[in-house]
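Computed from the coordinates by the stated procedures, all read-outs in this text should not be read as laboratory data. These numbers come from a predicted model, not from an experiment. All Cβ positions, glycine included, derive from the backbone under ideal geometry; neighbour counts span all protein chains shown.
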Amino acid sequence: MSSVHTSTFSAGTAKRWLRTGTLALAAALTVATASAVTLTTAPPASALGNGLALTPQMGFNDWNAYGCNVTESLIKSTAQAMHDNGMQAAGYTYVNIDDCWMTHARDSNGRLVPDSAKFPDGISGTADFVHSLGLKLGIYEDAGSATCAGYPGSLGHETTDAQTFASWGVDYLKYDNCNNDGSSARTRYTAMRDALAATGRPILFSLCSWGQESVWTWGADIGNSWRTTGDIQASYSSMLSIFKANVGLAGYAGPGQWNDPDMLEIGNGSMSVTEQQTEFSLWAEMAAPLIAGTNIPQASDTTLGILTNKAVIAVDQDPLGKQGTEVSSAGGHHVLAKPLSGGDVAVALFNETDSTATLSTTAAAIGKSGASSYQLTDLWTGATRTTGDTISASVPAHGTVLYRVSGGTTAR
């Protein structure tokens with residue numbers, strides 16, 4: 001999210017103004033911290049227990065494509081497009097409103113007020129439309145005195161705001177961390193967790209604390225997911241940096257509790273189709289929330305083809321709830337393995353370098369044994385083949401080959 005926007009900013013420009021440098025520092029600290037984390041640092045906390053996000057949440061958020069220019073018509077047209085274009089059928093459920101949806105002042109009862117010019121039917125009317133399509137509505141607020149764009153924050157108003165969201169039919173809360181009072185994020189996020197629980201309405205709680213205070217070590221009993229990094233940009237370099245910050249945190253993820261490396265930039269910015277497929281592959285392999293951040297009504301067939309690849313989505317949504325871990329990583333060549341329910345393993349061969357390379361691993365390295373051969377299914381091409389112990393592929397620059405490996409038995 002951003003600390004300053006006007007309608008003349010693009011979303012990318014607004015992001016570059018984010019938090020007047022605070023977020024950049026947070027992202028740098030996150031990368032340094034996350035790279036040092038191993039799966040043996042600490043056991044994961046117990047999940048929140050609200051019964052939500054038993055697999056990583058899927059949906060849409062308006063920020064990456066539209067910045068502060070959110071409107072009711074935008075949310076409704078996006079929901080309708082998701083309903084019609086195959087995204088809903090592929091598992092995308094939440095249609096999430098980000099910052100700038102409200103007025104700059106609370107009403108006389110201390111309640112948040114939707115901007116009537118942007119949301120003439122209010123948030124409740126928007127929710128009714130989204131619900132009529134079988135989808136769910138998300139909203140944005142902040143654990144400080146003001147949102148990143150300068151609208152009223154929820155600090156000190158948690159009970160009132162949670163009740164308001166529940167009364168409007170909200171199903172998801174993205175809770176940012178701008179303009180806070182310097183107190184522990186854990187304390188401030190816990191206050192909103194308790195307020196949401198008290199409403200009696202199931203509301204998925206997404207912590208957007210940018211990876212500060214090692215949120216992955218305490219986030220599970222407070223939220224359903226937590227941002228592990230600063231904001232993603234629509235570029236390969238940004239995506240790569242965020243992947244590296246998030247990939248070492250697998251020990252903290254599981255059903256109801258997910259590491260969140262931020263929204264998908266598929267369909268945005270300068271990334272090639274190969275790079276976009278890499279982002280989708282790596283996010284699925286890391287059991288990350290899949291929140292699309294592009295112009296959905298005008299999305300190209302290529303963009304929709306990536307976002308609705310059901311074989312890749314099945315890796316992300318696998319009910320075993322394991323985040324993939326790096327089997328090897330050297331010279332810009334990464335091999336990740338993700339155990340799946342039923343005994344298969346999803347293997348990602350990611351080539352971060354600028355040249356085509358052959359990446360290899362073995363069945364034993366990914367936890368497979370007990371068979372003389374294994375079936376490899378390429379989840380982007382659909383091609384299948386059998387192999388002995390060696391799993392390899394020629395991988396283009398910035399590309400990822402994602403295999404589903406079947407056969408034998410799997411160590412978890």
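Please enumerate, by chain and number, the lysines with C-alpha under 30 Å from the C-alpha of Lys322, excluding those fewer than 8 residues away in the same chain.
Lys322 reaches Lys136, Lys174, Lys244, Lys310, Lys338, Lys368.
Bin all alpha-carbon pair distances of the chain at 20 Å intervals from 0 and give each bin's fraction as a whole percent.
Each 20 Å bin holds this share of Cα pairs: 29, 58, 13, 0.
Any idea how far apart Ser272 and Ser124 come out in nm if each label point goes 7 Å out from Cα toward Cβ?
5.2 nm
Return the long-range amide H neighbours of Phe119 (sequence gap of 5 or more, or a different chain), with a cut-off of under 5 Å between placed amide H atoms.
The list, which skips near neighbours in sequence, is Glu72.
Rounded to the nearest 0.05, what FRET efficiency is calculated for Thr160 and Asp221 with R0 set to 30 Å and r the Cβ-Cβ distance?
Numbers: r = 24 Å, r/R0 = 0.79.
According to the calculation, E is roughly 0.80.
For region 281-291, just list the computed ³J(HN,Hα) in residue order, Karplus coefficients 6.51, -1.76 and 1.60, θ = phi - 60°, integers in Hz, with x standing in for Gly and Pro.
Result, rounded to whole Hz: 5, 5, 5, 5, 5, 8, 6, 8, x, 10, 10.
What order do you get for Val347, Val395 when you list them from fewest to most C-beta neighbours inside 10 Å?
Details: Val347 28, Val395 23.
The most exposed by this proxy come first: Val395, Val347.
What is the sum of charges, Lys and Arg at +1 and Asp and Glu at -1, for the other residues whose Cβ falls under 12 Å from the Cβ of Ala288? Can you show the working numbers first?
Working: positive: Arg227, Lys338; negative: Asp260, Asp262, Glu279, Glu285, Asp316.
Net charge around Ala288: -3.
Rank these for me by crowding, Glu326, Glu265, Glu285, going from fewest to most other beta carbons within 10 Å. Numbers along the way, then the final one.
Details: Glu326 16, Glu265 25, Glu285 28.
Ordered from fewest to most neighbouring Cβ atoms within 10 Å, Glu326, Glu265, Glu285 come out as Glu326, Glu265, Glu285.
What does the charge count near Asp161 come to, summing +1 for each Lys or Arg and -1 for each Asp or Glu among other residues with Cβ under 9 Å from its Cβ? Intermediate results must be reported in sequence, preceding the final value.
Values: positive: Arg111; negative: Glu141, Glu158.
Around Asp161, the charge tally is -1.
Antiparallel DSSP bridges in the chain: what percent, to the nearest 5? Please report the intermediate quantities before stating the final value.
On the way: 37 of 61 bridges.
For the chain, the DSSP antiparallel bridge percentage is about 60.
Extending each Cα 7 Å along its Cβ direction at Arg385 and Arg201, get the distance between those two points in nm, one decimal.
5.3 nm
Multiply the residue gap between Leu320 and Ser77 by 0.36 nm, knock off their C-alpha separation, and tell me the result in nm, one decimal place.
Working: separation 243, 0.36 × 243 = 87.48 nm, distance 3.41 nm.
Between Leu320 and Ser77, full extension yields an extra 84.1 nm.
Using the Cα centre as the reference, give the magnitude of the dipole from point charges on the C-beta atoms of the chain (Lys, Arg: +1; Asp, Glu: -1; all else neutral), rounded to the nearest 20 debye. Each step should come with its number before you reach the end.
On the way: 22 positive and 35 negative charges, 112 e Å.
Here the size comes out at about 540 debye.
Where nothing but the Cβ of Lys and Arg (+1) and of Asp and Glu (-1) is charged, how large is the charge dipole of region 326-410 around its Cα centre, in debye to the nearest 20? If you can, show how the numbers build up before the last one.
Details: 4 positive and 6 negative charges, 49 e Å.
For region 326-410, the charge dipole is close to 240 debye.
Mind running the shape call on region 356-400? Use the C-alpha gyration tensor, a ≥ b ≥ c as the square roots of the eigenvalues: rounded below 1.5 for a/c, prolate if a/b tops b/c, oblate otherwise. Before the final figure, lay out the partial values.
Working: a/c = 2.57, a/b = 1.55, b/c = 1.65.
Since a/c reaches 1.5 but b/c is at least a/b, the shape of region 356-400 is classed as oblate.
Top mean-square fluctuation among Pro202, Pro339, Pro56, Gaussian network model of the chain, C-alpha springs under 10 Å?
In the Gaussian network model the winner is Pro202.
Report the Cys residues of the chain lacking a disulfide-compatible partner, meaning no second Cys Cβ under 4.7 Å from their Cβ.
When partners are defined as cysteine Cβ atoms under 4.7 Å apart, the chain leaves Cys208 without one.
Remind me, relative contact order of region 11-316 in percent, using alpha carbon pairs under 8 angstrom and six or more residues apart? Don't skip to the answer; put the middle values down first.
Values: 640 pairs, mean separation 74.0, N = 306.
RCO, region 11-316: 24 percent.
Going by the alpha-carbon gyration tensor, a ≥ b ≥ c the square roots of its eigenvalues, is region 172-309 rounded (a/c under 1.5) or, if a/c is not under 1.5, prolate (a/b greater than b/c) versus oblate?
On the way: a/c = 2.01, a/b = 1.72, b/c = 1.17.
Judged from the Cα gyration tensor, region 172-309 comes out prolate (a/c at least 1.5, a/b above b/c).
Only residues of region 354-394 count here: report those whose backbone N is under 12 Å from the spot 7 Å along Cα→Cβ of Ser328, or say none.
Residues 358-366, 390-393 qualify, since their backbone N sits under 12 Å from the label point.
Between Lys310 and Ser167, what FRET efficiency follows from the Cβ-Cβ distance if R0 is 51 Å, with the result rounded to 0.05?
Working: r = 36 Å, r/R0 = 0.70.
Once the sixth-power term is evaluated, E becomes 0.90.
By count of other Cβ within 10 Å, fewest leading, how are His104, His334, His83 ordered? If you can, show how the numbers build up before the last one.
Values: His104 11, His334 23, His83 18.
Ascending Cβ contact count within 10 Å gives the list His104, His83, His334.
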